[in-house]
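Here's the structure we're looking at; comments come further down.
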Amino acid sequence: MPAMDEVLAARRAARASRSQSRANVVSVFILIVSILIAFPMMAATQNPIWILIFVGGVFLSQSPKIAKQWERAVVLHLGKYTGLRGPGLFWIVPFVETISIYIDQRVITTSFAAEETLTSDTVPVNVDAVLFWMVHDSEKAALEVQDYAQAVSWAAQTGLRDIIGRTSLSDLLRGRERIEAELQALIDQRSNPSLQDAMSREAQASREKSARIILGQAEVEIAQLFFEAAKSYENNPTALHLRAMNILYEGLKEKGALMVVPSNVVESMGLGGMMGAAALRQQTMSDANPKPASAAG
């Protein structure tokens with residue numbers, strides 16, 4: 001693509017030259033005043049020293065700069081970034097400080113197209129779109145991207161092709177709002193890395209929220225099951241006692257197991273004798289299998 005590269009290089013050079021050579025009324029005024037003073041005085045006195053007034057005027061005319069209300073000027077001091085200036089009138093050191101670019105912070109419209117792109121069901125489609133975007137961080141736009149406007153256009157074009165490639169034709173025809181939302185999220189992710197971290201944190205928070213909701217729903221279901229079980233045991237004390245014996249058996253069948261049961265439960269369910277018998281049985285088993293005594297040193 002040498003031709004396309006040459007066109008892009010020419011566009012960048014044109015933008016850079018426009019940024020460097022923007023004349024303003026203050027610069028013109030300084031230059032005119034220096035001419036009106038230097039040349040008449042030099043002609044009247046025949047002293048060439050007055051030419052220095054003209055040279056000084058030319059030098060000073062490079063200092064005042066004007067940025068429009070919607071613009072921010074990126075100032076470089078001997079090639080090093082020093083800050084943003086504007087809007088309005090500001091001054092720089094001539095030939096030492098330069099204006100790299102004027103960043104337009106208005107909403108910008110960029111038209112682009114995804115030509116001859118196949119959908120997920122292998123149907124070729126041509127989609128034209130218009131992107132509305134604006135620069136929120138002028139410093140990053142100037143320092144981290146060579147041509148931020150072209151980068152946004154290419155990101156939108158490739159993003160649209162990716163979305164079309166995983167969308168069927170029927171969904172493409174009736175799901176324009178969803179495609180717009182996906183394209184916006186994709187462009188935001190590519191143009192702002194810090195937003196990607198925020199989206200990751202948001203996704204993590206969403207997963208935690210879903211997990212807590214699932215846990216709460218499980219607790220509600222468990223409570224409902226216990227409520228239904230309590231209703232079935234309410235008028236059937238025999239079944240309740242059998243269930244209690246089963247719970248104790250499961251808890252005490254392992255040797256050395258310990259179960260703590262509230263006293264009111266023991267009294268209400270009549271488990272005193274049964275627990276005593278279980279404890280006696282466990283003690284009997286322990287006496288039948290005494291531990292070997294350790295030899296004294």
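Descriptive notes on the structure:
- Local charge for residue 227 was computed over the other residues whose Cβ lies under 14 Å away, with Lys and Arg +1 and Asp and Glu -1, and equals -3.
- Cut-off 10 Å between beta-carbons: net charge of the residues surrounding residue 138, Lys and Arg +1, Asp and Glu -1: -2
- With a cut-off of 11 Å between beta carbons, the residues surrounding residue 97 carry a summed charge of +3, where Lys and Arg count +1 and Asp and Glu -1.
- Cα-projected label distance for residue 77 with residue 128, points at 7 Å along beta-carbon direction, nm: 4.9
- Label point distance in nm, residue 49-residue 170, each placed 7 Å from Cα along Cα→Cβ: 9.2
- Region 23-114, relative contact order in percent, only Cα pairs under 8 angstrom and at least six apart counted: 24
- Relative contact order of region 108-191, defined on C-alpha pairs under 8 angstrom at six or more residues apart (%): 33
- Charge dipole (Cα centre; +1 on Lys/Arg Cβ, -1 on Asp/Glu Cβ; no other charges) of region 108-191 amounts to roughly 160 debye.
Coordinate-derived values only; no laboratory data. Just so it is clear, the structure is predicted and the values come from calculations on it, not from any experiment. When we count neighbours, we look across all protein chains shown, and the Cβ atoms used for this are built from the backbone with ideal geometry, even at glycine.
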